[in-house]
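The values are calculated or read from the model by the stated rules, or taken from the named source; none is laboratory data. Bear in mind the structure is a predicted one, so any value in this text is a computation, not a measurement. We place every Cβ from the backbone using ideal geometry, glycine too, and count neighbours over all the protein chains shown.
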Amino acid sequence: MKKKNRNVAIIGVGQSRFSSHREDVNQPELIHEAVTEALEMAGLTVDDLDCIVHGNMELFEMVHQPDLWHSLGMGAYGKEVLRITTGGTTGATIAAAADNLVASGLHDVVVAVGFEKLQEGHTTGGITNMNDPLWGRNLQTGALTGMQAEIMGLEFGPERARNAVMHYRIIMDKHAMLNDKAHRRLGLEFDQIEALTKNSPVLMGEMRMIDMCSQSDGACAVIFASEAVAKKHCAQPAWIKDHITVHREETFSIDTSGMTTQEMTHRYAARKLYERNGIKDPRREIDVFEMYDPSNWWGTDWLREFLLLEGDEHLRMIEKHEIAIDGSFPVNPSGGVIASNPIGATALVRVGEAALQVMGKAGAHQVPRPVNTALASGFGGTLWTVLFLLTREVPH
């Protein structure tokens, strides 16, 4: 990879409690929960912050320029504030911006703040009004699509495909049960697969309610610091080794036959990231992966893309429970997006959770072995992909 001007580390991570309805707090108060926790972890105060990078989906709450109101909860009064929105990838994009601001030398301490209070708006209404009703009609369902289930059923057979994705779903729930801030903590067991498949309400095609991510209220704050500040305030920072953003918005198309030969942005981004960081075998060289998984169907399929696997290798990983917190390749020890989905913060939570694993501060959902390298992904819109690579050692 091309060396940055200077190294950057994550030294503080804060998250609110995630829920379908946080009626006990307003928006600035919800954000304040996350920012306060991040500052406490970093051993800093509001006065130490040089800049705040704010992100959410403005159309969802229908609050214009929400960063102005949120200054009350972010400690942003009198400070530089940047507001960024890139759809579902917003949280990862603000993390990338915060890293770049510190790496450039412009600032020493930057906090990225992602937020959503979805109960106060209409998510589907916001999504369906963002595209031209004629040319963008294939996008009008937003994240809700049964296409991947149909494609996987054709490739692996409907019975094996459904069994694999339900194993993925239950593993994610078992992880969420370890995370007291997660929204959906259902206590699922593997012997419930048949009943869950049969009884969960159908959303679209093979997609059922049990398969899909939640709609959550919540906030996340991640503090990025220069090497000098990080070494002064944090015994074990999570160092930013690299990050990459890939999208194909201008050439976006949907092939419902599943026969497309176009490389998905996930695989392209992962391949490029691994190449420039000398990673030959991601399953062996990465210790934990916090994946943006909007449903168990996508999470299962995307495991193949992100790890550059072929055939049914990803299904076998899931069937053998290798993705469990105590498995050979833990995925989403936090419970993932299926458990908690405050959209503007969701991708930032992935980066923050990956950092907590490297720092050894994930609590009850800490992977039970040293985490030297962690991967985090963000996803959104017309196949945008953001990948972060974090390390325990200072990058050279």
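Selection of the stretch 338-347 for residues being within 15 Å of Asn296 (Cβ to Cβ) and part of a helix (DSSP H, G or I) yields Ile338, Ala339. For beta carbons closer than 8 Å, sequence separation of 6+ or different chains, a first residue in the stretch 103-130 that is at pLDDT 80 or above and surrounded by 18 or more Cβ atoms within 10 Å (Cβ to Cβ) and a second that is in a helix (DSSP H, G or I) and hydroxyl-bearing (Ser, Thr, Tyr), the qualifying pairs are Gly114/Thr90; Gly114/Thr346; Glu116/Thr346.
Residues in the stretch 356-390 that are in contact with a Leu (Cβ under 6 Å, 6 or more places away or on another chain), of a type in the set (Gly, Ala, Ser) and assigned to a helix (DSSP H, G or I): Ala364 only. The helices (runs of 4 or more DSSP H) found entirely in the stretch 43-126 that carry 2 or more residues being closer than 16 Å to Pro342 by Cα and of a type in the set (Gly, Ala, Ser) are 90-103. Looking across the stretch 325-337, just one residue is surrounded by fewer than 19 Cβ atoms within 10 Å (Cβ to Cβ), touching a residue at least 24 places away in the same chain (Cβ under 8 Å) and either small (Gly, Ala, Ser) or not in a loop (DSSP other than H, G, I, E, B) (or both), and that is Ser328. For the stretch 189-206, the count of residues that are among the hydroxyl-bearing types (Ser, Thr, Tyr), part of a helix (DSSP H, G or I) and at pLDDT below 95 is nonzero.
Results for (1) within 30 Å of Gly335 (Cα to Cα); (2) out of contact with any Asp or Glu (no Cβ under 6 Å at 6 or more places or on another chain); (3) not basic (Lys, Arg), shown as yes or no for each residue.
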residue	(1), (2), (3)
Ile31	yes, yes, yes
Gly43	yes, yes, yes
Asp48	no, yes, yes
Val53	yes, yes, yes
Asn56	yes, no, yes
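When Met57, Met62, Met74 are screened for being surrounded by fewer than 22 Cβ atoms within 10 Å (Cβ to Cβ) and either of a type in the set (Lys, Arg) or in contact (Cβ under 8 Å) with a residue 40 or more places away in the chain (or both), only Met62 passes. In this structure, is Met291 modelled with pLDDT under 95, within 26 Å of Leu154 (Cα to Cα) and under 19 Å from the mean Cα position of the chain (by Cα)? No; evaluated as a whole, the condition is false for this residue. Out of all the residues in the stretch 357-370, which are among the hydrophobic types (A, V, I, L, M, F, W, C), touching a helix residue (DSSP H, G or I) at 6+ places or on another chain (Cβ under 9 Å) and surrounded by fewer than 24 Cβ atoms within 10 Å (Cβ to Cβ)? Ala362, Val367, listed by residue number.
Scanning the stretch 304-332 for residues that are under 17 Å from Asp173 (Cβ atoms) and hydrophobic (A, V, I, L, M, F, W, C) yields Ile318, Ile323, Ala324, Ile325, Val331.
When residues in the stretch 337-356 are screened for being out of contact with any helix residue (DSSP H, G or I) (no Cβ under 9 Å at 6 or more places or on another chain) and not aliphatic (A, V, I, L, M), 0 of them pass. All of (1) free of Cβ contacts under 8 Å to residues at least 12 places away in the same chain; (2) in a helix (DSSP H, G or I); (3) not aromatic (Phe, Trp, Tyr) hold for Glu322 with one exception: (2).
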